[in-house]
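Just below is one structure, and these are the notes that go with it.
Just so it is clear, none of the values below were taken in a lab; they were calculated from the coordinates. Worth saying up front: this structure is predicted, and the values here are computed from it rather than measured. Here the Cβ positions follow ideal geometry from the backbone for every residue, glycine too, while neighbour counts run over all protein chains shown.
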Amino acid sequence: MSARVEHWQLRKPAIASERGVVTAQHWSAAQAGATMLAHGGNAVDAAVAAAMALNAVEPWMSGLGGCGFMVVHMAADNCQQAYEFQGVVPRDINIADYSLDLDAPTVMMGYPAVVGNCNVIGYGAIAVPGAVAGLSAALKRFGQLGWDQVLEPAIELAERGLIVDWHAMANIAFGSRDISPYADTCTIFMPSGYPPRPGTVLPLTALAATLRRLAANGPRDFYEGETAALMIADLQSGGSAMSMADLAEYRAVEFTPLIGKHRGAIIHTVGDSGGGGRLIDAFAHSAANLDINSGVGPDAYVAYTAALDAAFTARSERRLKNPEIAPEASTSHINVIDADGNAAAITYTLLNRFGSRIVLPRTGVMMNNGLSYFDPRPGLPDSMVGGRRALTSNMCPTVITVDGQARYAIGASGANHIIPAIFCIAGMMLDYGIDVETAIHAPRIDATGRGDVQVDADMPEEIINALRARFTVTTAERTVIPKPFASPSAISRDPATGRVVGAADVNSPAAVAVGGNNYSALLEHDHEQALRIDGWEP
């Protein structure tokens with residue numbers, strides 16, 4: 001057996017409440033969502049507040065310049081709605097500016113490389129961002145609080161500045177080579193020229209001003225107002241083809257979620273422009289082949305692996321190739337179930353860590369590298385054509401209902417790792433009745449139609465041996481960077497009692513917050529304990 005690089009025994013206890021629960025990839029964002037619940041907001045208010053707060057605490061993952069998906073369940077009328085706010089190619093794009101580099105290896109999405117990598121890094125990689133449109137559309141239809149009130153926690157966090165913790169330091173250090181050519185980005189994240197030490201406070205002055213302006217003027221200011229004009233001035237001075245017309249034309253797509261059924265539950269998720277089709281296919285395959293009487297042992301893991309392999313293979317055959325795993329992928333996920341049984345799940349992203357690596361100086365907005373979602377070769381369904389929306393993604397926010405009531409909200413970040421994590425965690429809960437905390441902490445598998453399965457090094461040996469008898473197996477430790485598995489979170493709700501329980505990934509500052517008046521003290525205590533565990537005193 002090869003020597004282990006790390007061998008931590010980490011666990012984050014689940015948190016339960018009758019007042020609603022929020023999970024997010026950073027504890028401050030979870031707290032922002034809980035603030036909305038405490039102030040009378042519902043799951044949608046809380047989810048959008050948490051998503052906006054991530055601008056100021058995890059800006060290399062997602063934010064105003066990002067794109068993604070959201071799924072909503074409203075308890076009063078058993079209504080489910082989904083939102084797609086993927087990136088769009090600027091209308092004036094010139095594909096001739098993206099010449100193929102035939103000597104370079106294939107890039108993360110499985111496409112040929114481009115000379116200078118200009119569809120992945122820099123101003124030429126930026127797609128029209130959809131996050132503000134998508135999140136505000138959901139808030140307008142289903143939220144109970146105003147846009148300005150939902151932005152308040154994000155504004156406060158941005159005015160405070162980014163407090164560098166262990167995770168921020170690691171991400172900035174890991175991305176330092178890519179951001180170093182861009183002075184405006186380095187000014188924010190590496191003002192001394194080097195990754196900052198934990199405890200450093202990085203000012204986010206321009207971002208705070210942008211958030212205040214959006215709160216005062218409304219979300220369309222991002223697409224048609226002063227914020228849009230400031231963004232386009234920076235974008236065009238850097239060489240982007242994006243125009244004011246591109247921003248003004250952008251709208252999120254509202255649609256009925258894709259539906260799957262599994263053991264009496266209904267799975268509400270996104271379609272094939274996200275990861276929902278593969279998730280539903282995996283559940284269909286496992287329902288036909290899994291013997292639940294055998295318990296969560298070797299047979300279950302073999303069946304789950306086979307289901308994932310079949311789902312990814314089927315998707316590859318019927319549509320686009322599966323995107324390659326991106327070791328620096330950058331995505332965030334949020335779940336909320338409130339006291340009334342409303343649920344919301346958001347997954348959104350800048351694509352790569354630090355996206356295009358561009359922070360627009362006038363607004364402080366970190367921009368996506370969404371053009372890497374498109375094939376640089378002309379004449380294909382996913383070619384880089386002006387006005388085209390991204391056709392493919394692994395994002396897969398999901399709400400699961402039973403008898404018309406929200407039972408689970410679940411999702412993950414982590415590129416190709418997202419769907420395997422959601423499927424296995426949800427599968428354990430639906431197939432075997434395993435509680436959300438146990439399911440989140442269970443050893444992971446990752447199978448995506450590659451012809452092999454990656455297995456958590458902490459998996460019991462009997463399960464690894466059973467997988468080896470059928471698949472090519474590699475083992476991986478659950479390290480923080482790079483991450484061999486997704487970062488999931490999930491919330492469950494008992495319809496009989498209204499008790500809501502949330503659990504989050506252990507390998508990030510992901511956290512669970514509860515609604516009500518005691519959320520702040522609870523969460524701050526958990527954060528201080530986490531800092532002490534990591535060796536940093538708060």
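Kindly list the number of the only condition in (1) under 21 Å from the mean Cα position of the chain (by Cα); (2) surrounded by 17 or more Cβ atoms within 10 Å (Cβ to Cβ) that fails for Ala170.
Every listed condition holds for Ala170 apart from (2).
Return the residue satisfying two criteria in turn: it lies in region 433-475 and is of a type in the set (Asp, Glu) and touching a residue at least 12 places away in the same chain (Cβ under 8 Å), and of such residues it is farthest from Ala14 (Cα to Cα).
Filtering region 433-475 for residues that are of a type in the set (Asp, Glu) and touching a residue at least 12 places away in the same chain (Cβ under 8 Å), the one farthest from Ala14 (Cα to Cα) comes out as Asp452.
Among (1) of a type outside the set (Gly, Ala, Ser); (2) assigned to a loop (DSSP other than H, G, I, E, B); (3) crowded, with 22+ Cβ neighbours inside 10 Å; (4) out of contact with any Phe, Trp or Tyr (no Cβ under 8 Å at 6 or more places or on another chain), which single condition is Ile422 missing?
Of everything listed in (1) of a type outside the set (Gly, Ala, Ser); (2) assigned to a loop (DSSP other than H, G, I, E, B); (3) crowded, with 22+ Cβ neighbours inside 10 Å; (4) out of contact with any Phe, Trp or Tyr (no Cβ under 8 Å at 6 or more places or on another chain), Ile422 misses just condition (2).
Looking at region 217-227, can you tell me whether even one residue there is of a type in the set (A, V, I, L, M, F, W, C), closer than 27 Å to Glu152 by Cβ and either out of contact with any Leu (no Cβ under 7 Å at 6 or more places or on another chain) or surrounded by fewer than 16 Cβ atoms within 10 Å (Cβ to Cβ) (or both)? Talk me through it step by step, then tell me what you get.
From region 217-227, those of a type in the set (A, V, I, L, M, F, W, C) are 222; that's our starting set.
Checking the rest, the ones that are also closer than 27 Å to Glu152 by Cβ come to 222.
Narrowing the set further to residues that are either out of contact with any Leu (no Cβ under 7 Å at 6 or more places or on another chain) or surrounded by fewer than 16 Cβ atoms within 10 Å (Cβ to Cβ) (or both) leaves none.
No, region 217-227 contains no residue that is of a type in the set (A, V, I, L, M, F, W, C), closer than 27 Å to Glu152 by Cβ and either out of contact with any Leu (no Cβ under 7 Å at 6 or more places or on another chain) or surrounded by fewer than 16 Cβ atoms within 10 Å (Cβ to Cβ) (or both).
Restricting the search to region 113-126, which residues are within 28 Å of the chain's Cα centre (by Cα) and either among the hydroxyl-bearing types (Ser, Thr, Tyr) or surrounded by fewer than 16 Cβ atoms within 10 Å (Cβ to Cβ) (or both)? Explain how you work it out, then say what you get.
To start, the set of residues in region 113-126 that are within 28 Å of the chain's Cα centre (by Cα) comprises 113-114, 116-126.
Correct list: Gly116, Tyr123.
Checking the conditions here, which among Ala248, Ala215 is closer than 17 Å to Leu135 by Cα and without any contact (Cβ under 8 Å) to a residue 60 or more places away in the chain? Show your work before the answer.
On the way: Ala215 fails: without any contact (Cβ under 8 Å) to a residue 60 or more places away in the chain.
Ala248 is the lone residue from the list that is closer than 17 Å to Leu135 by Cα and without any contact (Cβ under 8 Å) to a residue 60 or more places away in the chain.
Can you tell me how many residues in region 152-197 are more than 16 Å from Ile358 (Cα to Cα) and not in a helix (DSSP H, G or I)?
11
Out of the residues in region 351-409 that are assigned to a loop (DSSP other than H, G, I, E, B) and among the aromatic types (Phe, Trp, Tyr), state the one that is surrounded by the fewest Cβ atoms within 10 Å (Cβ to Cβ).
We begin by selecting, within region 351-409, every residue assigned to a loop (DSSP other than H, G, I, E, B); these are 353-358, 361-364, 368-369, 374, 376-382, 384-388, 390-397, 403-404.
Among the residues that remain, those that are also among the aromatic types (Phe, Trp, Tyr) are: 354, 374.
Working: Phe354: 28, Phe374: 26.
Ranking the qualifying residues of region 351-409, first place goes to Phe374.
Can we say Ala486 is under 30 Å from Asn342 (Cβ atoms) and in contact with a Gly (Cβ under 8 Å, 6 or more places away or on another chain)? Even if it seems obvious, please write down each step before you answer.
Values: under 30 Å from Asn342 (Cβ atoms): yes; in contact with a Gly (Cβ under 8 Å, 6 or more places away or on another chain): yes.
The answer is yes for Ala486.
I'm checking my understanding of the structure. Among residues of region 66-102 that are hydrophobic (A, V, I, L, M, F, W, C) and closer than 17 Å to Asn369 by Cα, which one is surrounded by the most Cβ atoms within 10 Å (Cβ to Cβ)? First the steps, then the outcome.
Applying the first criterion (hydrophobic (A, V, I, L, M, F, W, C)) to region 66-102 yields 67, 69-72, 74-76, 79, 82, 85, 88-89, 93, 95-96, 100, 102.
Keeping just the survivors that are closer than 17 Å to Asn369 by Cα gives 67, 69, 85, 88-89, 93, 95.
Values: Cys67: 30, Phe69: 32, Phe85: 28, Val88: 24, Val89: 24, Ile93: 22, Ile95: 17.
So the residue we want is Phe69.
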